[in-house]
Amino acid sequence: MAEYLKRGKPEAERAEDDAKTRAVVEATLKDIETRGDAAVRELAEKFDNYTPESYRLTQSEIDALIAELTPRELDDIKFAQEQVRNFAQAQRDSMLDVEVETMPGVILGHKNIPVQSVGCYVPGGKFPMVASAHMSVATASVAGVPRIVACTPPWQGKPNPAVIAAMHLGGAHEIYVLGGIQAVGAMAIGTETIDPVHMLVGPGNAFVAEAKRQLFGRVGIDLFAGPTETMVIADDTVDAEICATDLLGQAEHGYNSPAVLVTNSRKLAEETLKEIDRLLTILPTADTASVSWRDYGEVILCDDHDEMLAVANDIASEHVQVMTDRDDWYLENMTCYGALFLGARTNVSNGDKVIGTNHTLPTKKAGRYTGGLWVGKYLKTHSYQKITTDEAATLIGEYGSRLCMLEGFVGHAEQCNVRVRRYGGVNVPYGEAAPYREAAE
């Protein structure tokens with residue numbers, strides 16, 4: 001039976017935190033809907049101390065910010081975007097429109113149509129999340145979205161040049177320097193100066209994730225991508241240093257970023273706990289990582305790989321780093337997660353920044369029912385149908401008529417009956433089911 005060598009905050013305390021967040025977000029969104037730009041400006045001044053004449057950047061402002069980057073920095077951004085675009089394009093190429101004649105004269109099909117406007121949120125309050133622009137904006141561009149809006153908060157009092165460059169190079173049509181609930185709310189609800197979008201995408205803190213949840217239905221969303229989560233599944237084929245590094249590498253994201261070690265080695269578990277304590281004395285971001293590890297860090301000791309798998313699927317972590325003697329076995333058998341990182345040679349940072357897979361991933365167990373952001377999230381698959389012969393219209397109409405009457409839908413049945421009468425010459429009395437004819441079989 002799984003043994004917890006370290007536990008995080010009790011679920012009741014986490015639920016209380018979530019309830020407080022819900023209340024704040026609900027009131028804030030209502031204020032944005034009521035007062036529009038005025039509310040957005042007040043929130044931006046309160047939380048970011050940032051009140052420019054316009055939150056939307058002009059092309060000259062964008063150019064000036066990009067000019068602040070070194071050639072090396074710009075090349076690195078372009079390299080990362082190329083990897084993201086390449087993988088997104090491969091995914092897009094796998095999504096084919098379909099048209100098939102299912103029986104003589106009956107044609108069915110579907111088309112993949114881009115969402116017409118998307119709001120991409122790029123976090124940046126604590127750290128400028130350059131990579132998030134690749135993941136949301138560049139991927140939307142590959143999908144063919146005709147209007148891409150991007151929002152990011154100011155960093156150290158002004159727009160971050162690297163983030164703005166990534167948004168612009170990724171294909172954003174409108175860039176706003178706005179963060180938090182005010183950014184997400186403005187994009188979804190709309191204000192006097194920002195036209196509303198059809199869909200919201202991108203990760204964010206607990207308030208951004210909750211805002212997306214409350215706005216879902218009014219607009220589409222990619223998924224619930226809140227504070228980052230990481231899990232390390234490891235056996236005695238790896239050491240404590242690499243496990244501790246991979247756990248703290250994600251714990252530094254924020255004060256509420258769960259980091260979990262699942263292992264069947266007591267020795268590795270105990271050594272990892274010691275190594276984490278050591279690293280926290282030298283990690284420059286220890287002020288954040290230590291709180292996250294204290295409140296949300298867990299170490300779970302299991303009897304064997306089957307139990308490790310069961311525990312991992314139950315937790316359904318956003319990032320799952322697998323370092324065992326059977327990595328491919330986990331690939332074959334894991335069913336609930338955001339993304340897998342297989343083997344000691346890879347790591348979550350690769351996926352976060354450069355390797356090409358998308359880092360906007362499901363959190364809070366959402367990996368049980370959805371994967372992460374990808375080019376397909378920006379595409380709507382719409383079906384269509386067409387009947388091209390009188391014979392097919394009659395045959396399908398007769399079956400449809402009888403099946404509608406079986407459910408008591410007389411008006412539905414008449415939609416079928418009028419076609420049977422018109423295209424098949426069959427006299428079906430109004431409000432009755434079409435007769436069964438041997439010839440139709």
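The values are calculated or read from the model by the stated rules, or taken from the named source; none is laboratory data. Quick caveat: nothing in here was measured; it's all calculated off a predicted structure. Ideal geometry is used to build each Cβ from the backbone, glycine not excepted, and the neighbour counts take in all protein chains shown. Surface areas here come from the heavy atoms of the whole protein model, side chains and all, with no ligands, DNA or RNA. Shrake-Rupley method; radii C 1.70, N 1.55, O 1.52, S 1.80 Å.
Roughly what would the spin-label model give for Glu11 and Glu192, points 7 Å off Cα along C-beta, in nm?
Result for the modelled spin labels: 4.8 nm.
Quick one: pull the percent of accessible area on the range 1-122 belonging to carbon and sulfur, 1.4 Å probe, ligands and nucleic acids left out. Provide the component values of the computation, followed by the final result.
Working: 4010 of 7590 Å².
Roughly 53 percent, rounded to a whole number.
In the range 382-441, which chymotrypsin sites (Phe, Trp or Tyr not before Pro) fall in coil by DSSP and have 16 or fewer other Cβ atoms within 10 Å? Before the final figure, lay out each step's value.
On the way: sites: Tyr384, Tyr399, Phe409, Tyr423, Tyr430, Tyr436; in loops: Phe409, Tyr430, Tyr436.
In loop regions of the range 382-441 (DSSP not H, G, I, E or B), the sparsely surrounded chymotrypsin sites (Phe, Trp or Tyr not before Pro) are Phe409, Tyr430, Tyr436.
From the phi angles alone, apply the Karplus equation (6.51, -1.76, 1.60; θ = phi - 60°) to the range 209-223 and give each ³J(HN,Hα) in whole Hz, x where the residue is Gly or Pro.
4, 5, 4, 4, 4, 6, 8, 4, x, 5, 10, x, 10, 6, 5
Counting only C-alpha contacts under 8 Å and six or more residues apart, can you give the relative contact order of the range 92-209 as a whole percent?
Relative contact order, the range 92-209: 28 percent.
What distance in nm lies between label points placed 7 Å from Cα along the C-beta direction at Asn350 and Asn427?
The answer from the label model is 7.6 nm.
If I take every Cα pair under 8 Å that is 6 or more residues apart in the chain, average their sequence separation and divide by the length, what percent do I get for the relative contact order? Could the numbers behind the result be given before it?
Values: 897 pairs, mean separation 80.4, N = 441.
Worked out over the chain, it gives 18 percent.
If you look for lysine pairs in the range 323-406 that are eight or more places apart or on different chains, how many of them have Cα atoms under 24 Å apart? It would help to have the intermediate numbers written out before the result.
Working: Lys353/Lys364; Lys353/Lys365; Lys353/Lys377; Lys364/Lys377; Lys365/Lys377.
Within the range 323-406, the lysine pair count is 5.
Pick from Ile107, Ile194, Ile62 the residue whose mean-square fluctuation is largest in a GNM of the chain, springs joining Cα atoms under 10 Å.
Checking each option, the largest mean-square fluctuation is seen for Ile107.
On the full set of protein chains, 1.4 Å probe, figure out the accessible area of His305 and give it in Å² to the nearest 10.
Rounded to the nearest 10, the figure is 20 Å².
GNM on the chain, C-alpha springs below 10 Å: top fluctuator among His319, His253, His412?
His412
So what is the calculated 222 nm ellipticity per residue for the chain, using -39500 (n - 2.57) for each DSSP H run with n of 4 or more, over all residues, to the nearest 500 deg cm²/dmol? The partial results should precede the final answer.
Numbers: 17 runs with 202 residues, N = 441.
It lands at -14000 deg cm²/dmol.
Please figure out what share of the DSSP beta bridges in the range 9-160 is antiparallel and state it in percent, rounded to the nearest 5. Display every interim value, and only then the final one.
Numbers: 6 of 10 bridges.
Antiparallel: roughly 60 percent of the beta bridges in the range 9-160.
Once you've got the GNM for the chain with C-alpha springs shorter than 10 Å, pick whichever of Ala183, Ala259, Ala310 has the biggest mean-square fluctuation.
Greatest mean-square fluctuation among the candidates belongs to Ala310.
Taking the Cβ of Asp76 as the center, what net charge do the other residues with Cβ under 12 Å away carry, scoring Lys and Arg +1 and Asp and Glu -1?
On the way: positive: Arg72, Lys78, Lys353; negative: Glu73, Asp75, Glu82.
Taking every other residue near Asp76 into account, the sum is 0.
Sequence neighbours fewer than 8 away in the same chain don't count; with that in mind, list the aspartates and glutamates whose C-alpha is under 17 Å from Lys78.
Asp63, Glu68, Asp352
How much solvent-accessible surface does Thr102 expose, in Å² to the nearest 10, with a 1.4 Å probe and all protein chains in place?
80
Where in the range 175-215 is the amide nitrogen less than 16 Å from a point lying 7 Å along the Cα-to-Cβ axis of Ala38?
191-193
Would you kindly derive the ³J(HN,Hα) couplings of the range 129-138 from the backbone phi angles with the Karplus curve 6.51 cos²θ - 1.76 cosθ + 1.60 (θ = phi - 60°), listing them in order in whole Hz, with x for Gly and Pro?
Karplus values, whole Hz, x for Gly and Pro: 7, 4, 5, 5, 5, 4, 5, 9, 6, 4.
With a probe of 1.4 Å, find how much accessible area the chain has per residue, and write the answer as a whole number in Å².
Details: 20900 Å² over 441 residues.
Ligands and nucleic acids excluded, the result is 47 Å² per residue.
Label-point separation (nm) for Asp303 and Thr281, each offset 7 Å from Cα along Cα-to-Cβ?
Distance between label points: 3.8 nm.
Report, ordered by chain and residue number, the aspartates and glutamates lying within cross-link reach of Lys30, taken as a straight Cα distance under 19 Å and ignoring same-chain residues fewer than 8 apart.
Of all the aspartates and glutamates, those that pass the test against Lys30 - Cα under 19 Å, at least 8 places apart if same chain - are Asp18, Glu42, Glu45, Glu192, Asp195, Glu210.
Mind putting a number on the dipole of the chain about its Cα centre? Charges go on the C-beta only, +1 for Lys and Arg and -1 for Asp and Glu, and I need it in Debye to the nearest 20. Mind dumping the intermediate values first?
Details: 41 positive and 63 negative charges, 253 e Å.
Charge dipole, the chain, about its Cα centre: 1220 debye, nearest 20.
For Gln415 and Arg402 in one chain, what is 0.36 nm times their gap in residues minus the Cα-Cα distance, to one decimal in nm?
3.5 nm
Hey, can you grab everything whose amide H is under 5 Å from the amide H of Ile221? Only 5+ residues off in sequence or another chain; H modelled, so Pro and N-termini drop out.
Under 5 Å from the amide H of Ile221 lie the amide H atoms of Leu200, each far enough along the sequence or on another chain.
Ignoring any ligand, DNA or RNA, what whole percent of the accessible area of the range 220-270 comes from carbon and sulfur when the probe is 1.4 angstrom?
Values: 760 of 1570 Å².
That share works out to 48 percent.
Amide H to amide H under 5 Å from Glu298: which residues, 5+ apart in sequence or cross-chain, H placed 1.01 Å off N in plane?
Those qualifying (amide H under 5 Å, at least 5 residues apart or on another chain) are Ala259, Val260, Leu261.
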